[in-house]
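Derivation of every value follows stated rules applied to the coordinates shown; laboratory data play no part. Note that the structure is predicted; figures quoted are calculated from it, not measured. Because the Cβ atoms are built from the backbone with ideal geometry, glycine has one as well, and the counts that use them run over all protein chains shown.
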Amino acid sequence: MTVDAIIAHARAFKALGEPNRLRILAHLQAGESCVCEVQEALDIPANLLSHHLKVLREAGLVIGTRRGRWIDYRVDPINLTLLAAVLAEAAERPATACCASDPELTHSA
């Protein structure tokens, strides 16, 4: 993985570390929504919602499309799939030899 990819993944994971952003992402997984629909559904003040959407957009997790005065948002399935692959790869890696023999340091699924 390149340094640029690591930085992009870290930005995305950091963006996901805020509960309201997770709520916004979960709402958008149902389909594209304009800002007013997201605000109404999640009861987040407009200025705070705008900030969270900006962070999610800059992290590559959502895509915004301007429609006149409004912006419609949707999840970015390509970047979410890439993040899921990073997590899946990390989960599939076996424990290193130094911990593999110590049951206290290994986890079973």
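Structure notes:
- Computed about the Cα centre, the dipole magnitude for the chain is approximately 480 debye when only Lys and Arg (+1) and Asp and Glu (-1) carry charge, each at its Cβ.
- Other residues with beta-carbon under 13 Å from the beta-carbon of residue 50 carry, at +1 per Lys or Arg and -1 per Asp or Glu, a net charge of +2.
- Ordering of 56-63, 87-94, 39-46 by packing is 56-63, 39-46, 87-94, highest average first (other Cβ atoms within 10 Å, averaged per residue).
- Relative contact order (percent, whole number), the chain, Cα cutoff 8 Å, 6+ residue spacing: 24 percent
- 9 Å beta-carbon shell around residue 33, net charge (K/R +1, D/E -1): -2
- Each residue, residue 87 and residue 26, gets one label point 7 Å from its Cα in the Cβ direction; the gap between the two is 1.3 nm.
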